[in-house]
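Structure first, then comments.
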Amino acid sequence: MAKILIIDDDPDIVEAMRIVLESKNYLVSSSKSGDDGLRKAEAEKPDLIILDVMMETISKGFEVARDLKKSQKNRDVPILMLTAIKESTGLDFKNEAGDEDWLPVDDYMEKPLKPQELLSKVESLLGGR
Amino acid sequence: MENLAPQEGLIERIYWLIRLRWIAVAGVIFTVLSIEKIANIPLRSLTLYTIAFILGVYNLIFFLYLNRIKRNSPPDLPTIANRVANIQISLDLLSLTALIHFSGGIENPFIFYFIFHMIIASILLSRRASYLQATFATALFILMVSLEYFNFLEHHYLNGFVAYSLHANKIYILGISVAFISTLYLAVYMATSISVKLRQKEKILQEANLLLEEKDRIKSNYVLRVSHDIKEHLSAIQGCLDPVLQGLTGELNPGQKDLVRRSSERTGKLMSFVRALLEITRIKLSKEMETGPFSLRKTAENAVNFVEARAKDKDMRLSYNIDPAVDVITGAQIYIEETIANLLANSVKYTPKGGRVDMKIKDKGDSVLIQISDTGIGISKDDIPRIFDEFYRAKNAKALERDGTGLGLSIAKEVIERHKGKIWVESEEGKGSTFNIVLPK
C-alpha cells in the first residue's frame with residue numbers, strides 16, 4: 001500500500017488525517033517540523049507527501065517543498081500542500097500551484113480538510129503512479 | 001506656529017479667489033457704467049475698462065496655470081501654490097490702486113476695498129506674508145497720494161461727487177491716511193488672529209485623525225492575530241469531528257451522530273465568521289490592492305455560477321444582462337468577483353421561494369454600473385443607513401436567518417471603496433432590494 005508522509009506541526013490535524021487515510025489502508029507516518037520531515041522523506045521514501053505550508057515560520061513549507069524537489073530521491077514524489085494562507089497573506093493559490101519556481105507542489109488544499117476531499121486528492125495524486 | 005502656512009486646501013482657496021476676481025471684473029464694469037450713466041459723474045471709463053480687461057486676462061492665465069500644476073501635481077505644489085497666492089494678491093493691490101487712481105484717487109470711497117484684499121491675504125497666506133501685503137498696500141497708497149499731491153501724476157477729479165478736489169488738502173489726506181492705514185493693519189491683525197487659530201485647530205484635528213488611524217491599525221493587527229489563532233484551532237476541531245461523523249472511527253449511534261453533526265455545523269459557522277473577519281481586517285490593513293485588467297463580464301458570470309445551484313434549490317428565477325460594451329476593467333479581480341457573488345448570494349438568501357434575482361451591468365463611459373435586484377424581504381428605512389456597518393444585521397434578516405456574520409456588506413463596501421467606486425442600496429421592506437455599484441473602469 002502507498003506510503004504517505006505528513007509534515008505538519010499541528011498534532012491534532014495530523015491525527016485526524018491519519019485516521020482518514022488509514023481508513024483506506026494507506027501507511028501513514030508523520031513529522032512535526034520541516035527539517036525532521038526532510039530527513040524522514042530521505043529515509044522512508046514515501047509515495048506522497050502532505051505538507052503544511054506554515055510551521056516554524058510562515059514560509060517553512062515553501063522551503064521544504066523546494067528542498068524536496070531538489071532532492072535526488074524525492075524529486076518525483078507528489079506534494080499535497082495544506083494551506084490556510086489565503087486568510088493570512090491574501091495570496092490566491094489557484095493560479096500558483098504547479099509553477100515550478102514559485103511553488104513547486106502538485107496540488108494544494110485549504111484547511112479545514114473534508115475527509116472525502118482529502119481522500120480524492122490523495123487518490124488522484126497517487127493515481128498517476 | 002505663527003507662520004503656519006495653510007497648505008491643505010490652499011489650491012481650493014485660490015480657485016475661490018479666482019471666482020471672486022471674475023465677480024470683481026463684472027463689478028468694475030457695472031459700477032463704472034452706473035456712475036457715468038446714472039450719477040452723471042465723468043470718469044476715465046476707457047482706462048478703467050482696460051484695467052478691468054487686464055484683471056480678466058491675468059485671472060484667466062492664473063486659472064489655466066493652476067489647472068495645469070494641479071494636474072501635474074509636482075512635489076513642491078504647496079510652495080508653488082503659496083507663491084501664486086502671494087503674486088495674485090500683489091497684482092490685485094496694483095490693479096485696485098490703478099483703478100482708484102483713475103477714478104478720483106483719495107476722493108474715491110472705494111479705497112476701502114483694500115480691506116477685502118487684507119482679509120483674503122489673511123485667509124490664504126501666513127501671518128507674516130499678510131502683514132507684508134498690508135505694507136505693500138500702504139506703500140502703494142502713499143505713493144499714489146504723494147504723486148497726485150505733488151502733481152507728478154494727474155489727479156482725476158470726481159466732479160459731482162466731492163464739492164471740490166481733495167487731492168491737495170493736507171488735513172483731508174492726513175485724516176484718510178491715518179484711518180486707511182490703521183484699518184489695513186487692524187484688518188490683518190484681526191483676520192489673521194482668527195485664521196491662525198483655525199489653522200492650528202485644523203492641524204490638531206489632522207494629528208488626532210492620524211492618531212486614530214494608527215490606533216485603528218493596531219486594533220486591526222490585533223484582530224488579525226487573534227482570529228488567525230482561533231481559526232487554527234477551529235480547523236483542527238473540524239478536522240477531528242469530520243472523520244468521526246463519517247464513521248471512520250467506527251459506527252456512531254444516532255444520538256452521538258446527531259450531536260457530532262451539530263458540533264461540526266457550529267464549528268463551520270464559527271469558521272465562516274472568523275474567515276469573514278480575517279478577510280475584512282486583511283483588506284483594511286493592506287495599503288494597496290493588487291490590481292490589473294480583467295474581464296468584468298467573465299467575473300460577473302462566474303459570480304452568477306456561484307449562486308446558480310442555490311437559486312435553483314429555491315425555485316428562483318436568476319437572470320442577468322450585461323451591456324455588450326462592458327468588458328475589461330482594472331481592479332482586483334478576486335475581490336470584485338467575491339463582492340458580486342456575495343451580493344447575489346444575499347439576494348438569493350433573503351428572497352422567498354419562487355422569487356426573482358436579476359443582475360444588470362451597464363456601461364457608463366468611464367465607469368460601469370452593476371445593479372443586483374431581488375423580490376426579497378427588503379430592508380427597513382431604519383436599517384438602510386447601517387446596513388454596511390461592520391457586524392450590523394437588519395432585524396428582518398436576523399429573523400429569517402439566525403446565522404450570519406454581519407460582515408458581508410462591510411467587506412463589499414471596503415472593496416468597492418478601495419476601487420474608488422460607490423455602493424448603495426435602494427429598498428422597500430417587503431418588496432425587494434436593489435444594490436448598486438459604480439466602479440471606475
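Among the residues of the stretch B:28-40, are any of a type in the set (S, T, N, Q), open to solvent by 30 Å² or more (accessible area, probe 1.4 Å) and at positive phi? Scanning the stretch B:28-40 turns up at least one residue that is of a type in the set (S, T, N, Q), open to solvent by 30 Å² or more (accessible area, probe 1.4 Å) and at positive phi. Criterion applied to B:R402, B:R356, B:R386 was being in contact with a Phe, Trp or Tyr (Cβ under 6 Å, 6 or more places away or on another chain) and surrounded by fewer than 17 Cβ atoms within 10 Å (Cβ to Cβ), and the one residue passing it is B:R386. Does B:S220 satisfy the criteria of being more than 8 Å from chain A (Cβ to nearest Cβ), assigned to a helix (DSSP H, G or I), surrounded by fewer than 17 Cβ atoms within 10 Å (Cβ to Cβ) and touching a residue at least 40 places away in the same chain (Cβ under 8 Å)? Criteria met by B:S220. A:S59 fulfils the conditions (1) under 12 Å from the mean Cα position of the chain (by Cα); (2) away from chain B (no Cβ under 14 Å) except for a single criterion, (1). Open to solvent by 50 Å² or more (accessible area, probe 1.4 Å) and more than 48 Å from the chain's Cα centre (by Cα): does that describe B:Q246? So B:Q246 fits the description; yes.
Kindly indicate which of B:R282, B:R275 is within 11 Å of another protein chain (Cβ to nearest Cβ) and open to solvent by 60 Å² or more (accessible area, probe 1.4 Å). It is B:R275.
Return yes or no: is B:K431 touching a residue at least 12 places away in the same chain (Cβ under 8 Å), under 23 Å from B:S295 (Cα atoms) and open to solvent by 70 Å² or more (accessible area, probe 1.4 Å)? No; evaluated as a whole, the condition is false for this residue.
The condition of being at the interface with chain A (Cβ under 9 Å from one of its Cβ atoms), without any contact (Cβ under 8 Å) to a residue 40 or more places away in the chain and either outside any helix (DSSP H, G or I) or touching a strand residue (DSSP E or B) at 6+ places or on another chain (Cβ under 6 Å) (or both) holds for only one of B:T267, B:T249, that being B:T249. Among the residues of the stretch B:88-116, write down those that are in contact with a helix residue (DSSP H, G or I) (Cβ under 7 Å, 6 or more places away or on another chain) and at positive phi. Selection gives B:G105 alone. Tallying residues that are more than 50 Å from the chain's Cα centre (by Cα) and part of a loop (DSSP other than H, G, I, E, B) within the stretch B:118-155 yields 6.
Set side by side, the residues B:T339, B:T330, B:T299 differ, and just one is modelled with pLDDT of 90 or more, outside any helix (DSSP H, G or I) and not basic (K, R), which is B:T330. Can you tell me which residue is farthest from the chain's Cα centre (by Cα) among those in the stretch B:70-80 that are without any contact (Cβ under 8 Å) to a residue 12 or more places away in the chain and open to solvent by less than 70 Å² (accessible area, probe 1.4 Å)? Among those that are without any contact (Cβ under 8 Å) to a residue 12 or more places away in the chain and open to solvent by less than 70 Å² (accessible area, probe 1.4 Å), it is B:I80. Figure legend. Inter-residue proximity from the stretch B:385-404: first residues touching a residue at least 24 places away in the same chain (Cβ under 8 Å), second residues of a type in the set (D, E) and open to solvent by 70 Å² or more (accessible area, probe 1.4 Å), beta-carbon distance below 8 Å, spacing 6+ or different chains. Indicated pairs: B:N396/B:E429.
Selection of strands (runs of 3 or more DSSP E) fully inside the stretch A:1-71 by the criterion of at least 3 residues being crowded, with 21+ Cβ neighbours inside 10 Å and free of Cβ contacts under 8 Å to residues at least 60 places away in the same chain returns A:3-7, A:48-52.
The values are calculated or read from the model by the stated rules, or taken from the named source; none is laboratory data. Small disclaimer: the values here were computed from a predicted structure and weren't measured. Every residue, glycine as well, gets a Cβ built from its backbone with ideal geometry; the counts of neighbours run over all protein chains shown. These area figures cover heavy atoms from the full protein model, side chains too; ligands, DNA and RNA do not enter into them. Shrake-Rupley method; radii C 1.70, N 1.55, O 1.52, S 1.80 Å.
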